[in-house]
Amino acid sequence: MASRLGSMLACVLMIMTIAGCSGLGKEIDPTVGWTAERLYKEAKEEISVGNWTQASKLLEKLESRYPFGVYAQQAQVDIAYVYWKDGNNAQALAAIDRFQRLHPNHPSLDYMLYLKGLINFYQESALLSSLTKQDPSERDPKGARESFDAFKDLLTRFPNSSYAPDAQLRLNYLINSIALNEVHVARLYYQRGAYVAAINRAQTAVRDFQGAPAVEEALYIMVMSYEKMGLTDLRDDSARVLAANYPNSQFVRNGFVENRGPWWKIW
């Protein structure tokens with residue numbers, strides 16, 4: 001009997017030892033038991049020194065442990081910014097979209113729209129273009145369009161927002177950048193003889209980005225494309241619009257003479 005008790009005791013001790021050893025490798029979470037206020041305060045301190053990864057972990061814990069209340073909402077605002085600064089653009093944009101769905105009337109919604117515009121404004125394609133000296137008008141305009149939509153939404157819904165002036169400046173830049181992209185594509189279509197496609201892209205620039213400098217060339221591409229297709233009435237209509245809006249246009253001066261004069265490419 002004593003032998004059996006001794007064996008059982010040895011087994012129990014062995015199990016306890018194994019369990020204890022298995023727990024040694026687990027990292028102890030120092031934030032266990034922290035209040036929402038403390039988690040947020042610590043996260044803000046990490047943000048202030050640029051420790052984005054640690055800040056995001058704290059904000060994630062705050063949201064997970066205290067999903068309701070003021071601190072949770074503020075954490076949702078801050079975590080989008082932290083993700084962006086930490087290089088996680090996709091996570092940042094997802095956090096913004098989630099915030100918009102959950103809090104459509106939140107006082108910080110103007111900031112979230114502004115942040116959404118900024119994130120897309122500074123997409124990696126912009127950095128790559130600066131490194132490769134690529135013309136901004138030649139790169140994929142997806143990020144620019146999403147930035148444009150966010151800034152436009154901000155200015156429409158919150159015209160008196162403190163973020164509105166900067167958003168307007170960036171929007172002005174984006175208007176011509178996207179219009180340039182449309183014209184760049186239209187030019188390529190024209191040079192390849194795809195005149196209908198060239199007209200469609202040029203019309204997009206004229207219709208959606210009125211006032212952008214690129215509209216001048218867009219109108220000229222329309223004139224030249226209609227000429228190639230033998231659609232003289234549409235050609236003349238486009239030529240009149242071009243001459244009326246850009247009387248000193250290089251295209252009017254060098255590309256053709258009014259009243260159905262000679263026509264030629266000038267690129």
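Some observations on this one:
- Across the alpha-carbon set of the range 194-242, the Rg to Rh ratio works out to 0.95, Rh being the Kirkwood radius.
- Stretch gain in nm, segment GLN250-GLU37, where the contour uses 0.36 nm per residue and the Cα spacing is subtracted: 70.4 nm
- FRET efficiency estimate (nearest 0.05) - Cβ-Cβ, ALA194 to LYS57, R0 45 angstrom: 0.30
- Estimated FRET transfer efficiency when R0 is 25 angstrom, pair ASP97-GLN168 (beta carbons, to 0.05): 0.60
- Solvent-accessible area, 1.4 Å probe, carbon plus sulfur percent, for the range 155-263: 50
The values are calculated or read from the model by the stated rules, or taken from the named source; none is laboratory data. As the structure is a prediction and not an experimental result, all values here were calculated from the model. Positions of Cβ are backbone-derived with ideal geometry, glycine not excepted, and every protein chain shown enters the neighbour counts. These area figures cover heavy atoms from the full protein model, side chains too; ligands, DNA and RNA do not enter into them. Shrake-Rupley method; radii C 1.70, N 1.55, O 1.52, S 1.80 Å.
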